[in-house]
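One structure is given here, and the rest of the page talks about it.
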Amino acid sequence: MANFINPASVVAQTGLGRGMVAADLGCGSGFYVLPAAQLVGGDGMVYAVDSEEPKLAATMSIANQFGYKNVRVLKEDLNKPLKDIPEGSVDLVIIGNLLHEVKDKQALLKNAYRIISNNSGILIVEWKRELTPFGPPLNKRIDQQTLEIMLMQVGFQKVKELQADGYHYAVLFRK
């Protein structure tokens, strides 16, 4: 069986570093938030954004457990413009295993585009569109080519594919 995705190794491939700002849109329980917080260090910041209060509470609790003071949780509807993140202020947006669940994918990607600074990146991790022992139903999954076209339609350019695992693919695009 393939190893399940390692968020730290995926985020490390994006070039995120000290003093930068990251935003995890649809952060869930903080799967990508913690490695991002570690990479940006005390001078940087990670916005953990989700629409569900319990998930934000879980993220905050684990960030506190690890002593990360650079995580800021925001309760937001991801289909609407993010009011608490200034335009052009983010170095890396992370969207991990979320896009297949979102009704208005273009709205979410445009939201991401708005908050990313020029030449900065967006990391998207999604389930491969193939049968796996677990994960979302096949008909909900987005194949990589379709996702890349969606990103280009919003104005992003492809940088590279990243190493993920046997169940997911990960792509890095930039504004």
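Return yes when E52 is touching a strand residue (DSSP E or B) at 6+ places or on another chain (Cβ under 9 Å), free of Cβ contacts under 8 Å to residues at least 24 places away in the same chain and over 14 Å from V33 (Cα atoms) and no when it is not.
Yes, satisfied.
Condition check ((1) at pLDDT 95 or above; (2) within 15 Å of the chain's Cα centre (by Cα)) across all residues:
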site: L56; (1), (2): yes, yes
site: M60; (1), (2): yes, no
site: N70; (1), (2): yes, no
site: L74; (1), (2): yes, yes
site: L78; (1), (2): no, yes
site: V93; (1), (2): yes, yes
site: N111; (1), (2): no, yes
Exercise for review: Within region 71-82, identify whether any single residue is part of a loop (DSSP other than H, G, I, E, B), under 22 Å from F4 (Cβ atoms) and not hydroxyl-bearing (S, T, Y), and answer yes or no.
Suggested key: no
Practice item. Considering each of N119, N111 in turn, give the residue that is of a type outside the set (F, W, Y), on the phi > 0 side of the Ramachandran plot and not in a loop (DSSP other than H, G, I, E, B). Key: N119
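Look at A37 and say whether it is of a type in the set (G, A, S), surrounded by 24 or more Cβ atoms within 10 Å (Cβ to Cβ) and at pLDDT 95 or above.
Considered against the rule, which asks whether it is of a type in the set (G, A, S), surrounded by 24 or more Cβ atoms within 10 Å (Cβ to Cβ) and at pLDDT 95 or above, A37 comes out as yes.
Of the residues that sit in region 120-149 and are aliphatic (A, V, I, L, M) and touching a helix residue (DSSP H, G or I) at 6+ places or on another chain (Cβ under 6 Å), which one is surrounded by the fewest Cβ atoms within 10 Å (Cβ to Cβ)?
I142
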Review point. Looking at region 29-48, is at least one residue assigned to a loop (DSSP other than H, G, I, E, B), under 16 Å from the mean Cα position of the chain (by Cα) and within 22 Å of R114 (Cβ to Cβ)?
Key: yes
**Study point:** Qualifying positions in region 126-175 - touching a Lys or Arg at 6+ places or on another chain (Cβ under 8 Å), polar (S, T, N, Q) and not in a helix (DSSP H, G or I)
**Key:** Q157
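The values are calculated or read from the model by the stated rules, or taken from the named source; none is laboratory data. A quick note: this is a predicted structure, and the numbers were derived from the prediction, not measured. Glycine also receives a Cβ, built like all others from the backbone with ideal geometry; neighbour counts cover every protein chain displayed.
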